[in-house]
Amino acid sequence: MSRRNKRRVNRAADEKPNTMQASQVMDAFSNPLFRLGYGSQSPMEATEYPLTRLSDNYALLNSLYRDNWVVQNVVGIIPDDMTKNWFTLTGAISPEHLAEFDRVQRMTQIQDRVNAGLRWGRLYGGAAGLILIRGHETLMDQPLDLETIMPGTFAGLYILDRWCGIVPDVELVTDIGDPEFGLPAYYSITMENGDTLTRVHHSRIIRFLGRELPYLEKIAAMYWGESEVEAIYKDIVKHDNVSANMAALTFRANVDRMEVANLDQLFSITSGQQQQRFWSVMQAQSAVKNNFGIQLVNKGDTMTNTQFAQFSGLSDVYDSMCLDLAGASRIPVTKLFGRSPAGMNATGESDLQNYYDYVDTLREKSLRPILYKLLPIMTMSAWGMIPEGLDIAFPPLWTPTAKEVAEIAKAKAETITMAYQDELLDQGSAQKELKKLADETGMFDSITDEQIKANAGRTYQDATALRDPLAGISFSQPPADESEGVTDE
């Protein structure tokens, strides 16, 4: 899309009439006597929220990211946690195929490329990854056909942010069966001077977004999202100003005051040489003065020290700014600022657990669709085929301690044993359930498939019957006809 068309889309979204604003509000609370509610002259009613669209300010976003470490953490921490444990393949895959798939990932650095796309999508509100396949240089404007991907041809992703190198087209995807229905059907890869280098079909593009926008704002943003920095910008300003003022107060914590006799005459009627000598004396005293030095004054002159600032409540104010930033960015204070948990008996585990639950939501919502689009491409490049039943699973972010792992293993093993003893499971099924715990607990992985198959169908009663030495022996009386035929000799 040209810059002229982009301005036309933005202008159309800005000029669209707002029927909610045009209608008169008739059901609002108002108390003019106490200056409360709608229409009253109060600070609350004077508050306005103008539409600024900070995500469009490319220079400001770059400056904030380069200069502000809090912005860097907000942009980078969540993508790092989303991709640090990556994913595992599920299904009937041989170790040789897994090794070849891992080699493709290492050669293309796909984990780092996806991390970079997520990072720039959060900073700028949108980024894209161009899928690179050797031999497809002349097919970029055509839908990606998986059958045309030869082994070893996948070359990774080329990451572009929404302001540098990629522009969505006005044509949208109309196929309701396409996962990208309603999004741009083509993208133009542009050069630095704005000239179009190539036109790319959407099936060859991986989209990375920031925060989602409502429909009209999405159109104004050319179907990208909102920068994470825009949502927390005011809290960043408050945090930086508070911390800067606290640092400045340390220079003004104490003010020295010295009484000098006839100071007004010194500056009014004395010669310039005398004034210069006075300034030289003051500068010499300032140079040698320190916390352990001595201030020399003439006899009769008075020297006083006045404490200018109090610091007792500043830490609480600063902590409030940090809490606001943590809430706006949805990252715990302990992780965003690298601080230890505060308060008695505080461990920070509950905050981290809630945070990891949020990251798990992002992995399912944002990362899984990206991997589903890349997975068949990587398997075709690694194996030359797409196996049936192939899927991915995300390893847990929370790593339990050895004690927690032992407790989990004990609780789950006892549950399986109880189900087996109640004959809800046979011995083979119970062993199979125990073997499933190997990935989670590191136990029961020595149970072989042959053992499970051999014990299939054997119940708890069958197993305990073999331990009873009298099992199978009957103590009932012999039949009457047999007893009658026996005589005493």
Considering only residues of segment 419-462 that are in a helix (DSSP H, G or I) and among the polar types (S, T, N, Q), which is farthest from the chain's Cα centre (by Cα)?
-> Gln461
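Yes or no, residue by residue, for (1) part of a helix (DSSP H, G or I); (2) under 16 Å from the mean Cα position of the chain (by Cα); (3) of a type outside the set (Val, Ile, Thr):
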{"position": "Ser55", "(1), (2), (3)": "yes, no, yes"}
{"position": "Asn62", "(1), (2), (3)": "yes, no, yes"}
{"position": "Arg66", "(1), (2), (3)": "yes, no, yes"}
{"position": "Val71", "(1), (2), (3)": "yes, yes, no"}
{"position": "Val74", "(1), (2), (3)": "yes, yes, no"}
{"position": "Ile78", "(1), (2), (3)": "yes, yes, no"}
{"position": "Asp81", "(1), (2), (3)": "yes, yes, yes"}
{"position": "Leu89", "(1), (2), (3)": "no, no, yes"}
Consider Thr361 carefully, then state whether it is without any contact (Cβ under 8 Å) to a residue 60 or more places away in the chain, within 30 Å of Gln105 (Cα to Cα) and not in a helix (DSSP H, G or I).
-> no
Residue check, Phe308 against (1) at pLDDT 70 or above; (2) surrounded by 10 or more Cβ atoms within 10 Å (Cβ to Cβ); (3) under 51 Å from the mean Cα position of the chain (by Cα), all met but one. Which one?
-> (1)
Would you mind finding the one in Tyr124, Tyr158 that is more than 14 Å from Ser203 (Cβ to Cβ) and surrounded by 21 or more Cβ atoms within 10 Å (Cβ to Cβ)?
-> Tyr124
May I ask you to verify whether Ala393 is within 25 Å of Arg207 (Cα to Cα), touching a Ser or Thr at 6+ places or on another chain (Cβ under 7 Å) and in the same structural domain as Asp145 (by TED's automatic domain parsing)?
-> yes
Identify, please: which residue in segment 191-226 is of a type in the set (Val, Ile, Thr) and surrounded by 14 or more Cβ atoms within 10 Å (Cβ to Cβ) and is, among those, farthest from Leu157 (Cα to Cα)?
-> Ile219
Test Phe101 against the criterion of being in contact with a Ser or Thr (Cβ under 8 Å, 6 or more places away or on another chain) and surrounded by 15 or more Cβ atoms within 10 Å (Cβ to Cβ), and give yes or no.
-> yes
What residue, among those in segment 116-174 that are polar (S, T, N, Q) and touching a residue at least 24 places away in the same chain (Cβ under 8 Å), is nearest to Val70 (Cα to Cα)?
-> Thr153
Can you run down the residue pairs with Cβ atoms below 8 Å, 6 or more apart or on separate chains, where the first is in segment 237-252 and farther than 19 Å from Leu64 by Cα and the partner is in a helix (DSSP H, G or I) and at pLDDT below 90?
-> Met246/Leu314; Met246/Tyr318; Leu249/Leu314
Select from segment 425-453 the residues that are over 19 Å from Val405 (Cα atoms) and either outside the structural domain of Ala413 (by TED's automatic domain parsing) or exposed (fewer than 13 other Cβ atoms within 10 Å of the Cβ) (or both) and list them in ascending order.
-> Thr448, Asp449, Glu450, Lys453
Quick one: is Leu172 surrounded by 13 or more Cβ atoms within 10 Å (Cβ to Cβ) and farther than 24 Å from Met385 by Cβ?
-> yes
Among the residues of segment 282-300, is any over 30 Å from Met246 (Cα atoms), surrounded by 10 or more Cβ atoms within 10 Å (Cβ to Cβ) and either at pLDDT 70 or above or in contact with a Ser or Thr (Cβ under 7 Å, 6 or more places away or on another chain) (or both)?
-> no
Would it be correct to say that Val173 is of a type in the set (Val, Ile, Thr), modelled with pLDDT of 90 or more and closer than 17 Å to Gly126 by Cα?
-> no
Give me the pairs, please: first residue somewhere in segment 315-339 and assigned by TED's automatic domain parsing to the domain that holds Ala247, second residue anywhere and acidic (Asp, Glu) and modelled with pLDDT of 90 or more, beta-carbon distance under 6 Å, and either six or more positions apart or on two chains.
-> Asp324/Asp235; Leu325/Asp235; Ala328/Asp235
Mind checking which residues of segment 320-359 are modelled with pLDDT of 85 or more, surrounded by 14 or more Cβ atoms within 10 Å (Cβ to Cβ) and of a type in the set (D, E, K, R)?
-> Asp324, Arg330, Lys335
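The values are calculated or read from the model by the stated rules, or taken from the named source; none is laboratory data. Here the structure is a predicted model, which is why all the values come from computation and not from measurement. Heads up, the Cβs are rebuilt from the backbone with ideal geometry, glycines too, and the neighbour counts pull from every protein chain shown.
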